1. Would you be so kind as to identify which of THR127, LEU4, PHE50 lies farthest towards the positive end of the dipole of the chain, taking Lys and Arg as +1 and Asp and Glu as -1 on Cβ and the Cα centre as origin?
2. Show which lysines lie in cross-link reach of LYS43 when reach means a straight Cα distance below 19 angstrom and same-chain residues fewer than eight apart are skipped.
3. Let's see if you can work this out: charge +1 on each Lys and Arg Cβ, -1 on each Asp and Glu Cβ, no other charges. What is the dipole magnitude of the range 1-126 about its Cα centre, in debye to the nearest 20?
4. With 21 Å as the limit, write out which pairs from LYS40/LYS138; LYS40/LYS139; LYS85/LYS122 have Cα-Cα distances beyond it, or answer none.
5. Using a probe of 1.4 angstrom, how much of the accessible area of the chain is carbon and sulfur, in percent?
6. Can you compute the helix-only [θ] at 222 nm over the chain? Use -39500 (n - 2.57) per DSSP H run of at least 4 residues, normalise by all residues, nearest 500 deg cm²/dmol.
7. Using DSSP to define loop residues, name the GluC sites (Glu not before Pro) in the range 67-149 whose beta-carbon has at most 15 other beta-carbon atoms within 10 Å.
8. Return a whole-number percent for the relative contact order of the chain, with Cα pairs under 8 Å and 6 or more residues apart as the contact set.
Amino acid sequence: MAQLSFHSPVGDLTLSEMDGKIVSLDWGWSPLSETTAFLKAAKQQLDDYFDGLNPEFTLPLQAQGTEFQKRVWRAMRLISHGETKTYGEIADEVGSHPRAVGTACGLNPIPIIIPCHRVMGKGGKLTGFSGGEGVETKKFLLELERLDK
(Lines give C-alpha, C1' and ligand atoms only; values in the text may rest on other atoms or scores of the structure.)
Protein backbone atom coordinates (compact mmCIF):
# COMPACT_ATOMS: atom_id res chain seq x y z
CA MET A 1 0.00 0.00 0.00
CA ALA A 2 1.38 3.40 -1.00
CA GLN A 3 0.68 6.50 1.09
CA LEU A 4 1.11 10.22 0.50
CA SER A 5 0.98 12.74 3.34
CA PHE A 6 0.43 16.45 2.78
CA HIS A 7 -0.69 19.66 4.46
CA SER A 8 -4.28 20.87 3.92
CA PRO A 9 -6.56 23.57 5.32
CA VAL A 10 -8.03 20.95 7.70
CA GLY A 11 -4.67 19.65 8.92
CA ASP A 12 -2.19 17.06 7.75
CA LEU A 13 -3.80 14.33 5.67
CA THR A 14 -2.59 10.97 4.40
CA LEU A 15 -4.02 9.32 1.29
CA SER A 16 -3.57 5.57 0.97
CA GLU A 17 -3.73 3.66 -2.29
CA MET A 18 -3.91 -0.01 -3.12
CA ASP A 19 -4.05 -1.36 -6.68
CA GLY A 20 -4.77 2.08 -8.16
CA LYS A 21 -7.69 2.88 -5.82
CA ILE A 22 -7.97 5.14 -2.78
CA VAL A 23 -8.59 3.00 0.30
CA SER A 24 -8.35 5.66 3.00
CA LEU A 25 -7.91 9.33 3.80
CA ASP A 26 -6.67 9.87 7.34
CA TRP A 27 -5.77 12.84 9.48
CA GLY A 28 -2.11 12.85 10.41
CA TRP A 29 1.26 12.27 8.80
CA SER A 30 2.54 8.86 7.77
CA PRO A 31 6.24 8.04 8.11
CA LEU A 32 5.72 5.68 5.15
CA SER A 33 4.76 8.48 2.77
CA GLU A 34 5.80 7.99 -0.84
CA THR A 35 4.80 9.68 -4.06
CA THR A 36 3.18 7.74 -6.89
CA ALA A 37 1.65 9.24 -10.02
CA PHE A 38 -1.80 8.11 -8.86
CA LEU A 39 -1.42 9.65 -5.39
CA LYS A 40 -0.11 12.90 -6.89
CA ALA A 41 -3.22 13.08 -9.11
CA ALA A 42 -5.45 12.32 -6.11
CA LYS A 43 -3.75 15.02 -4.05
CA GLN A 44 -4.27 17.47 -6.93
CA GLN A 45 -8.01 16.76 -6.86
CA LEU A 46 -8.05 17.45 -3.11
CA ASP A 47 -6.01 20.65 -3.62
CA ASP A 48 -8.50 21.76 -6.28
CA TYR A 49 -11.39 20.99 -3.92
CA PHE A 50 -9.84 23.06 -1.12
CA ASP A 51 -9.10 25.89 -3.57
CA GLY A 52 -12.72 25.88 -4.77
CA LEU A 53 -11.64 25.04 -8.32
CA ASN A 54 -13.36 21.69 -8.78
CA PRO A 55 -15.86 20.20 -6.35
CA GLU A 56 -16.02 16.81 -8.07
CA PHE A 57 -13.80 13.85 -7.23
CA THR A 58 -13.23 11.31 -9.99
CA LEU A 59 -10.97 9.01 -8.04
CA PRO A 60 -11.48 5.25 -8.05
CA LEU A 61 -12.27 4.20 -4.48
CA GLN A 62 -12.21 0.92 -2.61
CA ALA A 63 -13.60 1.55 0.86
CA GLN A 64 -13.47 -1.51 3.10
CA GLY A 65 -16.60 -2.12 5.16
CA THR A 66 -19.78 -4.13 5.50
CA GLU A 67 -22.34 -4.21 2.69
CA PHE A 68 -24.56 -1.89 4.73
CA GLN A 69 -21.73 0.62 5.25
CA LYS A 70 -20.96 0.54 1.54
CA ARG A 71 -24.64 1.29 0.73
CA VAL A 72 -24.51 4.29 3.07
CA TRP A 73 -21.22 5.50 1.58
CA ARG A 74 -22.63 5.18 -1.97
CA ALA A 75 -25.65 7.23 -0.91
CA MET A 76 -23.35 9.90 0.56
CA ARG A 77 -21.42 10.11 -2.71
CA LEU A 78 -24.68 11.06 -4.44
CA ILE A 79 -25.06 14.18 -2.28
CA SER A 80 -24.04 17.02 -4.59
CA HIS A 81 -21.43 19.61 -3.68
CA GLY A 82 -23.20 22.42 -1.85
CA GLU A 83 -26.09 20.24 -0.65
CA THR A 84 -26.82 18.27 2.49
CA LYS A 85 -29.06 15.42 3.57
CA THR A 86 -30.05 14.24 7.01
CA TYR A 87 -29.23 10.91 8.59
CA GLY A 88 -32.95 10.16 8.33
CA GLU A 89 -33.05 10.86 4.60
CA ILE A 90 -30.10 8.55 4.00
CA ALA A 91 -31.72 5.94 6.26
CA ASP A 92 -34.88 6.07 4.13
CA GLU A 93 -32.78 5.61 0.98
CA VAL A 94 -30.92 2.56 2.30
CA GLY A 95 -33.80 1.05 4.31
CA SER A 96 -32.36 1.54 7.75
CA HIS A 97 -32.39 3.71 10.87
CA PRO A 98 -30.73 7.14 11.28
CA ARG A 99 -28.48 5.89 14.11
CA ALA A 100 -27.13 3.07 11.93
CA VAL A 101 -26.43 5.60 9.19
CA GLY A 102 -24.64 7.79 11.73
CA THR A 103 -22.47 4.86 12.76
CA ALA A 104 -21.61 4.12 9.11
CA CYS A 105 -20.78 7.81 8.57
CA GLY A 106 -18.41 7.71 11.54
CA LEU A 107 -16.65 4.66 10.08
CA ASN A 108 -16.19 6.22 6.62
CA PRO A 109 -12.56 5.47 5.70
CA ILE A 110 -12.39 8.13 2.97
CA PRO A 111 -13.88 11.33 4.41
CA ILE A 112 -14.15 14.46 2.26
CA ILE A 113 -14.05 12.35 -0.92
CA ILE A 114 -16.97 10.31 0.43
CA PRO A 115 -18.66 13.43 1.78
CA CYS A 116 -19.91 12.39 5.22
CA HIS A 117 -19.61 16.07 6.22
CA ARG A 118 -22.72 16.69 4.08
CA VAL A 119 -24.88 14.53 6.36
CA MET A 120 -26.70 16.48 9.04
CA GLY A 121 -28.85 15.75 12.05
CA LYS A 122 -32.62 16.13 12.14
CA GLY A 123 -33.73 19.56 11.01
CA GLY A 124 -30.31 20.27 9.50
CA LYS A 125 -28.57 20.28 12.88
CA LEU A 126 -24.77 20.29 12.70
CA THR A 127 -23.69 17.03 14.33
CA GLY A 128 -20.48 15.08 14.91
CA PHE A 129 -17.63 14.45 12.53
CA SER A 130 -14.93 11.85 13.00
CA GLY A 131 -12.07 13.71 11.33
CA GLY A 132 -9.78 16.56 12.22
CA GLU A 133 -11.23 18.83 14.88
CA GLY A 134 -14.64 17.15 14.77
CA VAL A 135 -17.62 19.45 14.29
CA GLU A 136 -15.33 22.42 13.60
CA THR A 137 -13.82 20.57 10.64
CA LYS A 138 -17.29 19.63 9.40
CA LYS A 139 -18.37 23.26 9.69
CA PHE A 140 -15.25 24.38 7.78
CA LEU A 141 -15.96 21.91 4.94
CA LEU A 142 -19.60 23.00 4.73
CA GLU A 143 -18.58 26.65 4.69
CA LEU A 144 -16.01 25.86 2.04
CA GLU A 145 -18.89 24.52 0.01
CA ARG A 146 -20.77 27.72 0.90
CA LEU A 147 -23.21 26.06 3.24
CA ASP A 148 -23.53 27.96 6.48
CA LYS A 149 -26.07 25.87 8.34
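1. The Cα lying farthest towards the positive end belongs to THR127.
2. LYS21
3. My answer is approximately 440 debye.
4. LYS40/LYS138; LYS40/LYS139
5. The value for the chain is 50 percent carbon and sulfur by accessible area.
6. Helix contribution divided over all residues of the chain: -10500 deg cm²/dmol.
7. Within the range 67-149, the qualifying GluC sites (Glu not before Pro) (loop, at most 15 other Cβ atoms within 10 Å) are GLU83, GLU133.
8. It comes to 20 percent, rounded to a whole number.
The values are calculated or read from the model by the stated rules, or taken from the named source; none is laboratory data. Remember, predicted model here, so these are calculated numbers, not experimental data. Cβ atoms come from the backbone with ideal geometry, glycine included; neighbour counts cover every protein chain shown. In case anyone asks, the SASA skips ligands and DNA or RNA and just uses the protein heavy atoms, side chains included. Shrake-Rupley method; radii C 1.70, N 1.55, O 1.52, S 1.80 Å.
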